[in-house]
């Protein structure tokens, strides 16, 4: 039997039951493969958001009225590909996919080095040093790096995931302050290992959902000392890195732990990590806290605990609507901020209508659309909650346009 010849159809002919191929590189769309079996309307809406004029039908031709199928000319294809708005969307999507992949790679590398710190400390140190160089390379790859939303898809913020996100935030602050690359290496290395001491805290305490007892809380507060002891014994980590591990919970007003240090006794690199760590902790402190609310929490409840200079740098990096913030758009749609941009009111968002329909990446700087307000999770309908994947944890990685 002769093989059924694939045909091209416009997006208006998409329907459930078809298996189609996208005329795009796998790097330029969010699906796992180019071959997509359409099983729900959400897939159709997502394909329509990609800016392509047609798809190739691989199976299910019988569902299409042959006489109604439309031929798409090469001129139409070239016209869409050449469209600057479509090109910008594809570049943004590619950048976000790359940030997510790199974050997961870093997470896997971090888990590997943690597993070796006791049995093969030199091997763990080498892997950590390589990971630090990768982080710096990824940040400096862009002339103007931004923060992008990434996720490990975990409901809890693991020690390794937290370490990478804190390292990314800290390096962005250090870069904005024009710190040396040598200092940045120490900062990144300290961030990756800053919570390693928690591995000596019983899991029953670390993962307890109810309030800790005073003795449990005191035990948990020993994790900086545990981490410092673990790394000091290897003889591989310098004073700056060990200071970050031991004092990343110190505040400039002397209210931190384990030593209650004040500003003059806390190196600027450690102060910087303390702020990044505090902010990332707030993102995971309760289910409904948004990145914007977490930033507001630092202003309201931790005023005086961090340098005003460092806080102002962090605010500038995160923008009015940090990645992960749920927003209401001026055209009635809702969305989740995916990447910061030079225009604070026009970030790049993954958006949909209020019911979750017509999902797609919105490049607001190319539209006359702005963020009107920040939304709480309970203000979203079920369809939008699913499309925007609000249950995913919030972490950050470097991103930008080449």
Under the condition of being modelled with pLDDT under 90 and either in the same structural domain as residue 170 (by TED's automatic domain parsing) or assigned to a strand (DSSP E or B) (or both), which residue from the stretch 345-399 is nearest to the chain's Cα centre (by Cα)?
348
Which one of these is under 21 Å from residue 316 (Cβ atoms) and in contact (Cβ under 8 Å) with a residue 24 or more places away in the chain: 395, 354, 343?
395
Need pairs with beta-carbon distance below 6 Å; first residue assigned by TED's automatic domain parsing to the domain that holds residue 160 and more than 17 Å from residue 367 (Cα to Cα) and within the stretch 88-107, second modelled with pLDDT under 90 and outside any helix (DSSP H, G or I); sequence gap 6+ or separate chains.
107/152
Within the stretch 287-336, track down each residue that is in contact (Cβ under 8 Å) with a residue 40 or more places away in the chain, more than 17 Å from the chain's Cα centre (by Cα) and within 19 Å of residue 96 (Cβ to Cβ).
329, 334
Take the residues in the stretch 366-378 that are without any contact (Cβ under 8 Å) to a residue 60 or more places away in the chain and touching a strand residue (DSSP E or B) at 6+ places or on another chain (Cβ under 8 Å), then tell me which one is nearest to residue 44 (Cα to Cα).
369
Among the candidates 58, 50, 90, 24, residue that is crowded, with 17+ Cβ neighbours inside 10 Å, part of a helix (DSSP H, G or I) and modelled with pLDDT of 60 or more
90
Does residue 258 fit the bill of being crowded, with 23+ Cβ neighbours inside 10 Å, touching a residue at least 24 places away in the same chain (Cβ under 8 Å) and assigned to a loop (DSSP other than H, G, I, E, B)?
no
Matching residues in the stretch 186-204 (surrounded by 16 or more Cβ atoms within 10 Å (Cβ to Cβ) and either more than 21 Å from the chain's Cα centre (by Cα) or not assigned by TED's automatic domain parsing to the domain that holds residue 221 (or both)) number 6
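Residue-by-condition table, conditions (1) in contact with a helix residue (DSSP H, G or I) (Cβ under 6 Å, 6 or more places away or on another chain); (2) at pLDDT 95 or above; (3) surrounded by 14 or more Cβ atoms within 10 Å (Cβ to Cβ):
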residue	(1), (2), (3)
120	no, yes, no
126	no, yes, yes
137	no, yes, no
146	no, no, yes
152	yes, no, yes
171	yes, yes, yes
Just checking, how many residues over the stretch 1-21 are closer than 14 Å to residue 63 by Cα and modelled with pLDDT under 65?
2
Restricting the stretch 280-305 to residues that are assigned to a loop (DSSP other than H, G, I, E, B), in contact with a strand residue (DSSP E or B) (Cβ under 9 Å, 6 or more places away or on another chain) and crowded, with 17+ Cβ neighbours inside 10 Å, the one modelled with the lowest pLDDT turns out to be 290
Which of the following residues is crowded, with 19+ Cβ neighbours inside 10 Å, over 15 Å from residue 292 (Cα atoms) and in contact with a strand residue (DSSP E or B) (Cβ under 7 Å, 6 or more places away or on another chain): 360, 335?
360
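The values are calculated or read from the model by the stated rules, or taken from the named source; none is laboratory data. If you're wondering where the values come from, they're calculated on a predicted model, not measured in any experiment. Neighbour counts are summed over all protein chains in view; Cβ atoms, including those assigned to glycine, are modelled from backbone coordinates with ideal geometry.
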